[in-house]
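A.B. asks: To start, I am sharing the structure in question, which I have written as structure tokens.
Read-outs throughout are calculated quantities, based only on the coordinates presented, and are distinct from any laboratory measurement. Model, not experiment: these values are computed from the prediction. Cβ atoms come from the backbone with ideal geometry, glycine included; neighbour counts cover every protein chain shown.
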Amino acid sequence: MALPSVRGEMRVGILFLSVLGLLSARLVGAGQDSGSVIPAESRPCVDCHAFEFMQRALQDLKKTAYNLDTRTETLLLRVEKRGLCDCFHAIH
């Protein structure tokens, strides 16, 4: 007698899991359809995005290098001026 009740419970469990699987698949499909899809022809490729990113990074590096070069040159001029002034004061 215990055997038929176990089989009945298994059938109900399998039916429940099947219905749950179908509902979850339907919800996943509905979530994907709700967004707007951009055709692949109108989307820029990954390489284009990477190239644009690298271009911007290179421009930023050039600006930073120019600023550092300018600051270094200014500091060197100050050091030379200070050295000349110290020599001038030592002579007089």
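A.B. asks: Between V79 and F53, 0.36 nm times their residue separation minus their Cα-Cα distance comes to what?
C.D. replies: Stretched fully, the V79-F53 segment lengthens by 5.5 nm.
A.B. asks: If I model a spin label as a point 7 Å beyond the Cα along the Cα-Cβ vector, how far apart are those points for T72 and I14 in nm?
C.D. replies: A separation of 7.7 nm, rounded to one decimal place.
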